[in-house]
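Undergrad: This is the structure, below, for whatever I ask next.
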Amino acid sequence: MSREVRVRFAPSPTGPLHIGGVRTALYNYLFARRHGGKMLLRIEDTDSQRFVPGAEEYIIESLKWCGIEIDEGVGVGGPHAPYRQSERKEIYLKYATQLVEAGWAYYAFDTPEELDALRAEAEQKGETFAYNFKVREQLPTSLSLSKEEVEARIARGDQWVVRFKMPENEVVKMDDLIRGHVEMNTSTLDDKVLYKSADALPTYHLANIVDDHLMEVSHVIRGEEWLPSLPLHYLLYRAFGWEDTRPEFAHLPLLLKPTGGGKLSKRDGDKMGFPVFPLFWTSPTTGETARGYREDGYLPEAFINMLALLGWNPGTEQEVFSMQELIDTFSLDRVSKAGARFQPDKAKWFNGQYFHNLGREQLATIYQPILREHGIETSDELAGKAADIMKERVTLTTDLWDLTSFFFVAPTEYEEKLAKKQWKGDNPAMLAELRELLLTIEDFSKENTEVVVRAWIEQKGFSLGQVMNTLRLALVGAGKGPGMFDVTEFIGREECVRRIDNLIANLKPME
Ligand code: GLU
């Protein structure tokens, strides 16, 4: 690649970032890193009606959580600052005017009412109205009005827009790095609005092209929904005389519903119980909330790994990739054209894979805040140890407490099934004896305790299962948890004895 690679993630702050958007950011990032290039973050906030407060912060926090680093852009700065389009307002009018002067665009003065009337008229005839070469000269535009009239209208403050003058019957030939060669006849396209005097703001198309040019973007990697805009974007590059430095384009496949048909939506997630957003979100206007992968107990590494493989395949059987491995293997050639079906179970599977490989220190960092939420103050060592003992059974971080709470809290009630089976016959007396034995054990490590207790069981002629399950009833309160000697070591001799005493004092033997 001869040109310096510069890619951008250019979200509009219209709400929480969908996981499809996160995947777009991720592919841009992987591509930039793979080619030693730069990753830009540009906030496209020129649509004031769709602006949602908090959405930009949400986007930035999401990228950070995912480990997607920004080299230039909002929150970071850089040589092309500002990177928020609303702060670049003054730039765009000049370019819109330039296009009008060169004959590539025109002023249009029609009102929304006039347009509605034309739309209704077309509908009556069973046609769909398009603002294009067929109508532009019948409407009050700089193509139909005299120069003086246009100037007068602008001078007196009439509202206007600049529209692109889409050529008639021309075939635009385009290349996409994923889809290959694409052609489109311009007669099927309309004259898109580029700039609006009402709010002195450009529309997406103008701002996007101007900024990609000024920010020296080399590759535009974005969602498939923008493919229909590509002919206009190609023509805009031509109109500005920027074809030589026009970026290359790659349109990513859609993320599809788990059932296949259609785009993955929040509704699918709500129905099937999985998030479609990276982080929890509360709408500042309606108060509506949406769940997020972070809060649902996913690790960012697993989330990213899962997303990377939705639309890209490495060409091998490998499934688990660290960010660095993704960077080393990612290429746009292996991004598919077909939509990628989202599989919620696969996301969980990835999370389990990552979780099972965590070391005690990482586990402690993850577990401590959860423990604190439950009012438990403990050392990092014990938090890490508890999580480590049970990590093989964890799928989501949120499983941790259920799986390990007994390490920190003595049972206050006893699972009926286990109690019925164990708390009867000779078992209460046997447990009382075991209590005395435990008190004599100096070295309470799980290895030593196991040797001593097993020898005692043998000597007494008890059955191992009977002793262990009764002890489990006392220490855990339920038929779950790790091996009993992991529990005895963790909670220590005094706590073992206390829990045995509790059981004896509080639960009447069954029968
Ligand atoms: N602001 C556009 C969006 O939301 C950017 C599309 C593009 O990357 O060109 O998604």
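The values are calculated or read from the model by the stated rules, or taken from the named source; none is laboratory data. Computed from a prediction, not measured in an experiment: that's the story for all the values here. When we count neighbours, we look across all protein chains shown, and the Cβ atoms used for this are built from the backbone with ideal geometry, even at glycine. When the accessible area is computed, the model is the full protein with side chains, heavy atoms only, and any ligands, DNA or RNA have been set aside. Shrake-Rupley method; radii C 1.70, N 1.55, O 1.52, S 1.80 Å.
Undergrad: Tally the residues that are open to solvent by 50 Å² or more (accessible area, probe 1.4 Å) and more than 15 Å from the ligand (Cβ to nearest atom), restricting the search to region 231-246. Explain how you work it out, then say what you get.
TA: Start the filter on region 231-246 by keeping residues that are open to solvent by 50 Å² or more (accessible area, probe 1.4 Å), which leaves 238, 241, 243-246.
From the residues that got through so far, the ones that are more than 15 Å from the ligand (Cβ to nearest atom) too are 238, 241, 243-245.
Qualifying residue count for the region: 5.
Undergrad: From the set of residues in region 45-72 that are out of contact with any Gly (no Cβ under 8 Å at 6 or more places or on another chain) and of a type in the set (G, A, S), which is surrounded by the most Cβ atoms within 10 Å (Cβ to Cβ)?
TA: Per the criteria, the residue is S62.
Undergrad: Going through region 155-203 one residue at a time, which ones are without any contact (Cβ under 8 Å) to a residue 60 or more places away in the chain, more than 15 Å from the ligand (Cβ to nearest atom) and assigned to a loop (DSSP other than H, G, I, E, B)?
TA: Matches in region 155-203: R156, G157, D158, Q159, W160, E168, N169, E170, L189, S197, A198.
Undergrad: So, in region 1-20, of the ones that are crowded, with 21+ Cβ neighbours inside 10 Å and more than 10 Å from I59 (Cα to Cα), which residue ends up nearest to the ligand (Cβ to nearest atom)?
TA: Here the residue is A10.
Undergrad: Quick one: how many residues across region 110-134 are of a type outside the set (S, T, Y), out of contact with any helix residue (DSSP H, G or I) (no Cβ under 6 Å at 6 or more places or on another chain) and part of a loop (DSSP other than H, G, I, E, B)?
TA: Quick first cut of region 110-134, residues of a type outside the set (S, T, Y) only: 110, 112-127, 129-130, 132-134.
Subsequent filtering for residues that are out of contact with any helix residue (DSSP H, G or I) (no Cβ under 6 Å at 6 or more places or on another chain) retains 110, 112-127, 130, 132-134.
Among the residues that remain, those that are also part of a loop (DSSP other than H, G, I, E, B) are: 110, 125-127, 130, 132-134.
Residues meeting the conditions: 8.
Undergrad: Here's another thing I want to ask about it. I want to confirm something. Restricting to region 449-473 and keeping residues that are over 25 Å from A419 (Cβ atoms) and open to solvent by 50 Å² or more (accessible area, probe 1.4 Å), which single residue is farthest from the chain's Cα centre (by Cα)?
TA: Here is the first cut: in region 449-473, the residues over 25 Å from A419 (Cβ atoms) are 451-452, 455, 458-459.
Checking which are open to solvent by 50 Å² or more (accessible area, probe 1.4 Å) leaves us with 451, 455, 458-459.
Values: V451: 50, A455: 54, E458: 56, Q459: 59 Å.
Checked region 449-473; the qualifying residue farthest from the chain's Cα centre (by Cα) is Q459.
Undergrad: Taking interchain pairs and intrachain pairs at least six residues apart, which have beta carbon atoms under 6 angstrom, with the first residue in region 278-307 and of a type in the set (K, R) and the second outside any loop (DSSP other than H, G, I, E, B)?
TA: Hits for this filter: R294/W65.
Undergrad: Of the conditions (1) open to solvent by 10 Å² or more (accessible area, probe 1.4 Å); (2) farther than 20 Å from R84 by Cα; (3) at pLDDT 95 or above; (4) in contact with a strand residue (DSSP E or B) (Cβ under 6 Å, 6 or more places away or on another chain), K257 fails just one. Which one is it?
TA: With (1) open to solvent by 10 Å² or more (accessible area, probe 1.4 Å); (2) farther than 20 Å from R84 by Cα; (3) at pLDDT 95 or above; (4) in contact with a strand residue (DSSP E or B) (Cβ under 6 Å, 6 or more places away or on another chain) applied to K257, the lone miss is (4).
Undergrad: Any chance you could count how many residues in region 150-187 are touching a helix residue (DSSP H, G or I) at 6+ places or on another chain (Cβ under 9 Å) and of a type in the set (S, T, Y)?
TA: Matching residues across region 150-187 total 1.
Undergrad: If you don't mind, there's one more thing I want to ask. For residues that are more than 11 Å from the ligand (Cβ to nearest atom), touching a residue at least 60 places away in the same chain (Cβ under 8 Å) and open to solvent by 10 Å² or more (accessible area, probe 1.4 Å), tally how many sit in region 204-218. Talk me through it step by step, then tell me what you get.
TA: First, pick out the residues of region 204-218 that are more than 11 Å from the ligand (Cβ to nearest atom): 206, 210, 213-216, 218.
Among the residues that remain, those that are also touching a residue at least 60 places away in the same chain (Cβ under 8 Å) are: 206, 210, 214-216, 218.
Applying the additional criterion that residues be open to solvent by 10 Å² or more (accessible area, probe 1.4 Å) yields 214, 216.
Selection size over region 204-218: 2.
Undergrad: Among the residues of region 53-70, write down those that are outside any helix (DSSP H, G or I) and within 11 Å of F9 (Cβ to Cβ).
TA: To start, the set of residues in region 53-70 that are outside any helix (DSSP H, G or I) comprises 53-54, 67-70.
Once the filter is applied, which keeps residues that are outside any helix (DSSP H, G or I) and within 11 Å of F9 (Cβ to Cβ), region 53-70 yields I68, I70.
Condition check ((1) at pLDDT 95 or above; (2) farther than 30 Å from L475 by Cβ; (3) over 21 Å from the mean Cα position of the chain (by Cα)) across all residues:
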residue	(1), (2), (3)
E325	yes, yes, no
D333	yes, yes, yes
Q343	no, yes, no
W349	yes, yes, no
I366	yes, no, no
E373	yes, no, yes
T378	yes, no, yes
E392	yes, no, yes
S405	yes, no, yes
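Undergrad: Does K89 qualify as being within 25 Å of L236 (Cα to Cα), away from the ligand (no atom under 15 Å from the Cβ), free of Cβ contacts under 8 Å to residues at least 24 places away in the same chain and surrounded by fewer than 21 Cβ atoms within 10 Å (Cβ to Cβ)? Even if it seems obvious, please write down each step before you answer.
TA: On the way: within 25 Å of L236 (Cα to Cα): yes; away from the ligand (no atom under 15 Å from the Cβ): yes; free of Cβ contacts under 8 Å to residues at least 24 places away in the same chain: no; surrounded by fewer than 21 Cβ atoms within 10 Å (Cβ to Cβ): yes.
Judged against the criteria, K89 is not a match.
Undergrad: Would you call A290 under 17 Å from the mean Cα position of the chain (by Cα) and more than 12 Å from the ligand (Cβ to nearest atom)?
TA: Details: under 17 Å from the mean Cα position of the chain (by Cα): yes; more than 12 Å from the ligand (Cβ to nearest atom): yes.
Yes.
Undergrad: For region 30-52, state whether one or more residues are assigned to a helix (DSSP H, G or I), free of Cβ contacts under 8 Å to residues at least 24 places away in the same chain, more than 9 Å from the ligand (Cβ to nearest atom) and farther than 12 Å from I68 by Cα.
TA: Start the filter on region 30-52 by keeping residues that are assigned to a helix (DSSP H, G or I), which leaves 30-34, 48-50.
If we keep only those that are free of Cβ contacts under 8 Å to residues at least 24 places away in the same chain too, we end up with 49.
Next, only the ones that are more than 9 Å from the ligand (Cβ to nearest atom) stay: 49.
Then drop every residue that is not farther than 12 Å from I68 by Cα, which leaves 49.
Yes, region 30-52 contains at least one residue that is assigned to a helix (DSSP H, G or I), free of Cβ contacts under 8 Å to residues at least 24 places away in the same chain, more than 9 Å from the ligand (Cβ to nearest atom) and farther than 12 Å from I68 by Cα.
Undergrad: Can I ask one more? For region 296-305, state whether one or more residues are modelled with pLDDT of 95 or more, part of a loop (DSSP other than H, G, I, E, B) and either surrounded by fewer than 16 Cβ atoms within 10 Å (Cβ to Cβ) or more than 18 Å from the chain's Cα centre (by Cα) (or both). Before the answer, list the steps.
TA: Filtering region 296-305 for residues modelled with pLDDT of 95 or more gives 296-305.
Filter again for part of a loop (DSSP other than H, G, I, E, B), leaving 296-299.
Checking which are either surrounded by fewer than 16 Cβ atoms within 10 Å (Cβ to Cβ) or more than 18 Å from the chain's Cα centre (by Cα) (or both) leaves us with none.
Scanning region 296-305 turns up no residue that is modelled with pLDDT of 95 or more, part of a loop (DSSP other than H, G, I, E, B) and either surrounded by fewer than 16 Cβ atoms within 10 Å (Cβ to Cβ) or more than 18 Å from the chain's Cα centre (by Cα) (or both).
Undergrad: Just checking, does region 247-264 include any residue being hydroxyl-bearing (S, T, Y), outside any strand (DSSP E or B) and within 16 Å of the ligand (Cβ to nearest atom)? Reasoning before the result, please.
TA: First, pick out the residues of region 247-264 that are hydroxyl-bearing (S, T, Y): 259.
Now restrict to residues that are outside any strand (DSSP E or B): 259.
With within 16 Å of the ligand (Cβ to nearest atom) added as a condition, the list becomes none.
No.
Undergrad: Yes or no: P228 of a type outside the set (G, A, S), free of Cβ contacts under 8 Å to residues at least 24 places away in the same chain and within 16 Å of the ligand (Cβ to nearest atom)?
TA: Working: of a type outside the set (G, A, S): yes; free of Cβ contacts under 8 Å to residues at least 24 places away in the same chain: yes; within 16 Å of the ligand (Cβ to nearest atom): yes.
Yes.
Undergrad: Also: With the requirement that a residue be within 19 Å of K421 (Cβ to Cβ) and buried (at least 17 other Cβ atoms within 10 Å of the Cβ), what does region 479-489 give you?
TA: G481, M484, V487
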